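The values are calculated or read from the model by the stated rules, or taken from the named source; none is laboratory data. Since the structure is predicted, the reported quantities are computational estimates derived from the model, not experimental observations. A quick note on method: Cβ atoms are made from the backbone with ideal geometry, for glycine too, and the neighbour counts reach across all protein chains shown.
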Amino acid sequence: MRREQPRTPTPTAAFAAADLGATSGRVIVGHVGRSTLELVEANRFDNTPLRLPTGLHWDLPALYTGILTGLRAAHQSGPLASVGIDSWAVDYGFLDADGALLGLPHHYRDPRTLHIADQVRDRAGASHLYQTTGLQHLPFNTVFQLAAARGTALLDAARTLLLVPDLLAYWLTGNTGAEATNASTTGLLDAITGTWSPDLARLAGIDESLLPPVREPGSIIGTLLPHVATATGLPAATPVVAVASHDTASAIVAVPATEPNSAYISCGTWSLAGLELDKPVLTDASRAANFTNERGIDGTVRYLRNIMGMWLLEECRRSWTMRRMPSALVPLLAEAAGAEPFAAVIDPDAPDFLAPEDMPDAIARYCVRTGQRPPASQGATVRCILESLALAHRRTLRAAAELAGQDITHVHMVGGGSRNELLCQFTADATGLPVVAGPAEATALGNVLVQARAHGLLGDLVSMRRLVADTQPLRRYRPQGDQRIWDSLEERLS
């Protein structure tokens, strides 16, 4: 009788992903092989902005400490092949001539750019600015933040500008650079060439020498500095990989799209809704619709629009907590499911909701201002938010399809919002398209997938996404109800 030969085990490796969000950060260990993709959390830590006399700032040293603690915990569970860092976009720190950080990076919600942004756009010409950068006009884009810093002692002393993930990677390795997906969000990168634009640097009031060389996702930034190796217990030879360091770019890597004509919604603090394209769309119609063209992995373009996302709900919960009202998410969603449908609808991107002191009051005031009855309960407020987000998803994806000349047959929702069953079903109902929800941890997955590919464990983007589809839990939602209801809601907002 013939005996079966034992199978050779598929090689796997562990990668540490430092994934920083607007309210918290974590270090995740990803175990990756040809048919394996598993995540284990090593450390989670708060990301609490600081209100200082100079404005709203990020506490970057606290985030760095959280990363070091997480890497130490990750190493204790086994050897790590490399480390990668992703975070939110647009925010940056300055280094002086000695490589020291000058002050704490400003938070993108700091109001100092609100009036500057329009002035810079008008001075440059909105059409010219869009033709060069391809970016959605957002008042906190890096180019506008820099214009607001013009003439300050901080800018005068600066010799290098580093975006948040690049700054933290510099503290780990001592090497500077600008990862391409995040650099493309600054308003300083040419959308066609993928290089820094001298004209845009002058427009922002900075010397182009402040901007470090652009590097592609998957490149090796460097290895750990001796004191970092000591603090974490990791070998000094451990490489730090430039992943798709804009968190949305990492999330899109992990969209389990194995078929053509799919759209995506990366749903967290923001909802980033759009399409993956081969080239940017730089038409006047695209500019008027306020779509952005950001760089993705392997030369792709993330053609999308920012929508105020779960920030609306989380800020409501924060306000209710401060008022000593119930704020647990599960009971609120249950109450929302039973609330009156379509009682009130808001535009999530209205300036009212960018940074209000009290989000429930801001929603109520918006409803009064637009001739609607304000939500009468917490559940009604939550339902208003979720239906309004679904309507915004519908509006954005339909516009993206028209502007890019691409059909959409289904929608992938990834990120924390993909766990919200009501939001996923409302999005399917509003768009009239099937929704595939998950993975919720798309950003960390994309981070470790790029690292794994840099080590030769994975192949092209198609195979990376196939691995996600084959290993991660996904849930599917079919559209229900009458589309004419959503049409009438559109009319209510117009």
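Table for the structure above
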{"item": "Within segment 349-365, tally of residues that are assigned to a helix (DSSP H, G or I) and farther than 17 Å from V382 by Cβ", "result": "3"}
{"item": "Subset tally (residues that are of a type in the set (S, T, N, Q) and either over 20 Å from G446 (Cα atoms) or in contact with a Gly (Cβ under 6 Å, 6 or more places away or on another chain) (or both)) for segment 198-255", "result": "5"}
{"item": "Residue identified as surrounded by fewer than 17 Cβ atoms within 10 Å (Cβ to Cβ), on the phi < 0 side of the Ramachandran plot and hydrophobic (A, V, I, L, M, F, W, C) among L63, L56, L50, L80", "result": "L50"}
{"item": "Filtered residues of segment 284-299 (kept if within 18 Å of P217 (Cβ to Cβ), surrounded by fewer than 23 Cβ atoms within 10 Å (Cβ to Cβ) and touching a residue at least 40 places away in the same chain (Cβ under 8 Å))", "result": "D298"}
{"item": "One residue from L386, L332 being under 28 Å from R287 (Cα atoms), at pLDDT 95 or above and either among the β-branched types (V, I, T) or part of a helix (DSSP H, G or I) (or both)", "result": "L386"}
{"item": "Single residue of L155, L167, L146, L200 found to be within 22 Å of S250 (Cα to Cα) and either at pLDDT 95 or above or surrounded by 23 or more Cβ atoms within 10 Å (Cβ to Cβ) (or both)", "result": "L167"}
{"item": "Evaluation of I265 against (1) in a loop (DSSP other than H, G, I, E, B); (2) under 30 Å from S219 (Cβ atoms); (3) among the β-branched types (V, I, T) (one fails), failing number", "result": "(1)"}
{"item": "Enumerated helices (runs of 4 or more DSSP H) restricted to segment 75-178, each holding at least 2 residues that are of a type in the set (V, I, T)", "result": "114-124, 126-133, 142-148, 164-173"}
{"item": "Qualifying positions in segment 334-350 - over 18 Å from L391 (Cβ atoms) and not small (G, A, S)", "result": "E335"}
{"item": "Residue list for segment 469-494, filter: out of contact with any Leu (no Cβ under 6 Å at 6 or more places or on another chain), part of a helix (DSSP H, G or I) and not polar (S, T, N, Q)", "result": "A469, D470, R484, I485, W486, D487, E490, E491, R492, L493"}
{"item": "So R302, is it crowded, with 22+ Cβ neighbours inside 10 Å and in contact with an Asp or Glu (Cβ under 6 Å, 6 or more places away or on another chain)", "result": "yes"}
{"item": "Close pairs (9 angstrom Cβ cut-off, 6 or more residues apart or separate chains): over 14 Å from P439 (Cα atoms) in segment 465-487, in a loop (DSSP other than H, G, I, E, B) and among the small types (G, A, S) anywhere", "result": "P479/G432; Q483/G432; W486/G432"}
{"item": "Selection status of G99, closer than 30 Å to V240 by Cα, touching a residue at least 40 places away in the same chain (Cβ under 8 Å) and surrounded by fewer than 18 Cβ atoms within 10 Å (Cβ to Cβ)", "result": "yes"}
{"item": "Residue tally, condition hydrophobic (A, V, I, L, M, F, W, C), assigned to a helix (DSSP H, G or I) and closer than 24 Å to Q480 by Cβ, over segment 417-466", "result": "6"}
{"item": "When residues of segment 175-197 are limited to those that are free of Cβ contacts under 8 Å to residues at least 24 places away in the same chain and touching a strand residue (DSSP E or B) at 6+ places or on another chain (Cβ under 9 Å), the one surrounded by the fewest Cβ atoms within 10 Å (Cβ to Cβ)", "result": "T195"}
{"item": "Subset of segment 106-118 [touching a helix residue (DSSP H, G or I) at 6+ places or on another chain (Cβ under 6 Å) and not small (G, A, S)]", "result": "R112, T113, I116"}
{"item": "Selection status of R476, among the basic types (K, R) and either surrounded by fewer than 20 Cβ atoms within 10 Å (Cβ to Cβ) or over 15 Å from F15 (Cα atoms) (or both)", "result": "yes"}
{"item": "Index of the failed condition, G299 passing every other in (1) modelled with pLDDT under 95; (2) in contact with a Gly (Cβ under 6 Å, 6 or more places away or on another chain)", "result": "(2)"}
{"item": "Which numbered condition I116 misses (of (1) at pLDDT 95 or above; (2) surrounded by fewer than 21 Cβ atoms within 10 Å (Cβ to Cβ))", "result": "(1)"}
{"item": "One residue from E276, E259 being in a strand (DSSP E or B), acidic (D, E) and farther than 30 Å from L172 by Cα", "result": "E276"}
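So that you can scan it fast, the table gives a plain yes or no per residue for (1) of a type in the set (G, A, S); (2) within 27 Å of V414 (Cα to Cα); (3) in the same structural domain as L146 (by TED's automatic domain parsing); (4) in contact (Cβ under 8 Å) with a residue 40 or more places away in the chain:
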residue: H227; (1), (2), (3), (4): no, no, yes, no
residue: A236; (1), (2), (3), (4): yes, no, yes, no
residue: A273; (1), (2), (3), (4): yes, yes, no, yes
residue: K279; (1), (2), (3), (4): no, yes, no, no
residue: L282; (1), (2), (3), (4): no, yes, no, yes
